[in-house]
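Here the structure comes first, spelled out in structure tokens, and everything after it is commentary.
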Amino acid sequence: MAEGSVIGQGTAVRGNVRGEGSIEIYGRVEGDVQVTGDVTLGENASVRGDIAGARITIAGTVAGELRGSEAIVLESTAQTAGDLTAPRIAIEEGARARGMLRMEEPGGAPASRASEQRRPAPRPVEAPRRVEAPRASAMEAPRAAPPPPRPEPLAQKKAPPAPVVPAFRGLHGRKKKIRARS
Amino acid sequence: MAGTVIGPGLSIEGELTSQEEVVVQGTLRGTLTAKDAVSVAPGGAVEADIEAVSLSVGGNVTGNVTVTERVDIQAGGRLIGDVKASRLTIADGASFKGNVDMDV
């Protein structure tokens, strides 16, 4: 206990967490987490901010960049939106990740040239919006589909009873009245 | 397992809100609100206003303290700030500077 830190389930931090040693997060952190040791994020935990550590194990939700000097492990319950950088990266079946993967040292090994040309700046803040976008369009699609069939049958039914019968009757009525008076 | 532990070498700058026990062995700057006991271990440093059920000071605390139950400043502990609590103990060897409001 003495060497590690724990952010418990009922605890929320708004601000940056930095320092030496390992940290286990079971609560919520809104800010960056930067430690020299390992980072463990529990299943119901969430971090909105970047995480840097030696070995990063994620079972919760992260919106931000992950940088592991040793490894990143996304467990089956993990959800990440942000780039992952570590020499070794493991993603379990069921984990959801969005972002670029760089299997290299976070410091910027030679292999990073190509990847940095493709996308120079990490955008952890925008990532969550992209995740929400497909869900919203999927919900709207079924609602928008039904309307088209309606107009076609209605137009076909209205078309036949178009002939102007009442106008013809009216003419008869007027003619009879006119004859009677004269 | 204590609810939340800020280990030695770790520093948090910002707001910390907790429903559970908080132990500070490292550094915390900002505000600390807990619905349980807070203890600042020897070597720990808090520069924050603290709201909690009880507070035990073995390290350094700078900030105003509002506690519903008790504050204990242990030998070697240092507290600079106003204290609002129904009970307060200051051990021999502790240092304290500030006002005390014991709801009399």
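The values are calculated or read from the model by the stated rules, or taken from the named source; none is laboratory data. Remember, predicted model here, so these are calculated numbers, not experimental data. Here the Cβ is made from the backbone with ideal geometry for all residues, glycine too, and neighbour counts use every protein chain on show. Ligands, DNA and RNA are excluded from the accessible area calculation, which covers all protein heavy atoms including side chains. Shrake-Rupley method; radii C 1.70, N 1.55, O 1.52, S 1.80 Å.
If I filter the stretch A:41-48 for residues that are more than 16 Å from residue A:79 (Cβ to Cβ), more than 7 Å from chain B (Cβ to nearest Cβ) and not polar (S, T, N, Q), do I get at least one hit?
So far as the stretch A:41-48 goes, no, none of its residues is more than 16 Å from residue A:79 (Cβ to Cβ), more than 7 Å from chain B (Cβ to nearest Cβ) and not polar (S, T, N, Q).
Just to be sure I understand, how many residues within the stretch A:19-47 are under 20 Å from the mean Cα position of the chain (by Cα) and open to solvent by 50 Å² or more (accessible area, probe 1.4 Å)?
4
Got at least one residue in the stretch A:49-60 being under 27 Å from residue B:22 (Cβ atoms), within 12 Å of chain B (Cβ to nearest Cβ) and assigned to a loop (DSSP other than H, G, I, E, B)?
Yes, there is a match, as at least one residue in the stretch A:49-60 is under 27 Å from residue B:22 (Cβ atoms), within 12 Å of chain B (Cβ to nearest Cβ) and assigned to a loop (DSSP other than H, G, I, E, B).
Quick test of your reading of the structure: residue B:51 fulfils all but one of (1) assigned to a loop (DSSP other than H, G, I, E, B); (2) within 10 Å of the chain's Cα centre (by Cα). Name the failing condition by number.
For residue B:51, the failing item is (1).
Tell me, which residue of the stretch B:1-30 that is at the interface with another protein chain (Cβ under 9 Å from one of its Cβ atoms) and of a type in the set (Val, Ile, Thr) is surrounded by the most Cβ atoms within 10 Å (Cβ to Cβ)?
Here the answer is B:22.
Go through the stretch B:54-79 residue by residue and tally those that are outside any loop (DSSP other than H, G, I, E, B) and open to solvent by 60 Å² or more (accessible area, probe 1.4 Å).
Going through the stretch B:54-79 one residue at a time, the tally reaches 7.
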